[in-house]
Amino acid sequence: MDEKGIGYRMREDIQRQLEEKWTAGTGPYSRPELEWLLDHIGDPDPAIRDDLVYNSFCSAIMNHFLTKEDLLFLVDSVLQRDLLTYKMPEQGDATLVRSFSSLLLALILDVDQTADSPYHQSLSTDQLQTIFGQALLYLQQETDSTDWDKEKGWVHAFAHGAELLLYAGLHKEFPQERMEELLETLTIVLKQREALFTAGEERRLAFMVTQLLIQEKIQQTQLCHWIEKLDFPNQSPQDYFALLNLENLLSTIYLHLEKEGLLETELKDSILNCWKGY
């Protein structure tokens, strides 16, 4: 059977496994199948990337169908292949590889943190610290702001990167001293972006901040200090768009915390002093 035929057969087998009911921990996926899923994590065809690959990862991880060894195989493979910094993939689209690898790592961080998960505390300290560092660097270095592509579907690198950084920040092993770096990552993203976000990416970044505030991983006084240190120029159209993205992010944080009855006076004043859109 040629390579095309093998790939088609693999797709059929994985689709059947996605549709079947498995017992937790049975590990229905073979290593070649897991490798195929990783190879196609950034497939330009959304029917493969979204409907088959990402759904398979979600089903296998959230329903505990993988063995712990297979979960660690996925982690090691993502890190060893440098999928969050992929530039020239042999298969797929480089941005899609980075974007959907971030979603996979977010899933894994979530189950590693969840006390009643069979994957609880599966990741080593070295693996966790590597993921945390890459989660920060990913958003700092990403430049492709494509949201929806008529052929590839949702690309959404900044939104997916925000999800990974959220689950990194929520993890109990995320160093408290790196919260300042997390906030500075926001500054870098906002300053490097020279056009308006067009698909709610700034709201996804704001959601990350509000969740970290609600879970008291970041203190409101800490966010106040970050806001007060912001220094955004306003000399060019690009500067103006960066400021609008910042104001949209801050207004989302404001409204979310106000709705939850959690907005403290100091943070409210800091946001209003910075936000000129009212």
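The values are calculated or read from the model by the stated rules, or taken from the named source; none is laboratory data. Keep in mind the model is a prediction, meaning the values are calculated, not measured. Here Cβ is always computed from backbone atoms with ideal geometry, including for glycine, and neighbour counts include all displayed protein chains. Accessible surface areas use protein heavy atoms only, side chains included; no ligands, DNA or RNA. Shrake-Rupley method; radii C 1.70, N 1.55, O 1.52, S 1.80 Å.
Quick one: dipole size for the chain, taken about the Cα centre, charges +1 on Lys/Arg Cβ and -1 on Asp/Glu Cβ, in debye to the nearest 20.
Dipole magnitude for the chain comes out near 220 debye.
Starting from the Cα gyration tensor of region 225-278, take the square roots of the eigenvalues, sort them a ≥ b ≥ c, and report rounded, prolate or oblate (rounded when a/c is under 1.5, otherwise prolate if a/b is larger than b/c, else oblate).
Prolate, because a/c is 1.5 or more and a/b exceeds b/c.
So which residue, out of Glu173, Glu69, Glu260, gets the largest mean-square fluctuation from a GNM of the chain using Cα contacts under 10 Å as springs?
In this elastic network of the chain, the residue with the biggest mean-square fluctuation among Glu173, Glu69, Glu260 is Glu260.
Return a whole-number percent for the relative contact order of region 138-276, with Cα pairs under 8 Å and 6 or more residues apart as the contact set.
25 percent
Is the C-alpha gyration tensor of region 95-185 telling us rounded, prolate or oblate? Criteria: a/c under 1.5 is rounded; beyond that, a/b larger than b/c is prolate, otherwise oblate. Numbers along the way, then the final one.
Working: a/c = 2.59, a/b = 1.50, b/c = 1.73.
It is oblate, given that a/c is not under 1.5 and a/b is not larger than b/c.
Which residue, Gln238, Gln80, Gln220, has the most motion in a Gaussian network model of the chain that connects Cα atoms within less than 10 Å?
Of the options given, Gln80 has the highest mean-square fluctuation.
Would you tell me the accessible area of Cys58, worked out with a 1.4 angstrom probe on the heavy atoms of the protein chains, in Å² to the nearest 10?
About 30 Å², ignoring ligands and nucleic acids.
What size of dipole, in debye to the nearest 20, comes out for region 29-111 about its Cα centre when the only charges are +1 on Lys and Arg C-beta atoms and -1 on Asp and Glu C-beta atoms?
220 debye
If the limit is 29 Å between Cα atoms, which of Lys87/Lys150; Lys87/Lys152; Lys68/Lys152; Lys87/Lys172 go over it?
Pairs exceeding the cut-off: Lys68/Lys152; Lys87/Lys172.
So, taking all protein chains as they sit and a 1.4 Å probe, how much accessible area belongs to Lys68, in Å² rounded to tens?
90 Å²
Residues with beta-carbon under 15 Å from that of Arg204, excluding Arg204: net charge, scoring Lys, Arg +1 and Asp, Glu -1?
Details: positive: Arg193, Arg203; negative: Glu142, Asp147, Glu163, Glu201, Glu202.
Every neighbour counted, the sum reads -3.
Give the aspartates and glutamates whose C-alpha is closer than 19 Å to that of Lys259, dropping any in the same chain fewer than 8 places away, or say none.
Cross-link targets: Glu202, Glu216, Glu247, Asp269.
Rounded if a/c is under 1.5, else prolate if a/b is larger than b/c, else oblate: which is region 140-278, with a ≥ b ≥ c the root eigenvalues of its Cα gyration tensor? Kindly include the intermediate steps, with their values, before the conclusion.
Numbers: a/c = 1.62, a/b = 1.18, b/c = 1.37.
It is oblate, given that a/c is not under 1.5 and a/b is not larger than b/c.
Ranked by accessible surface with a 1.4 Å probe, highest first, in what order do Thr221, Thr210 come?
Thr221, Thr210
Could you derive backbone 3J(HN,Hα) for region 149-156 from the dihedral phi with the Karplus parameters 6.51, -1.76 and 1.60 (θ = phi - 60°), listing whole Hz in sequence and x where the residue is Gly or Pro?
Going residue by residue, I get 10, 5, 9, 8, x, 6, 9, 6 Hz, with x marking Gly and Pro.
Select one label from (1) 18.7, 61; (2) 20.0, 68; (3) 17.1, 47: the one whose number is Rg and Dmax of the Cα atoms in Å as derived from the coordinates shown.
(2)
I want to verify a result. In a Gaussian network model of the chain, Cα cutoff 10 Å, which of these has the top mean-square fluctuation: Glu163, Glu201, Glu247?
Glu247
Tell me the label-point distance for the pair Glu216, Leu262, using the 7 Å Cα-to-Cβ offset, in nm and rounded to one decimal.
Going from the Glu216 label point to the Leu262 one covers 1.1 nm.
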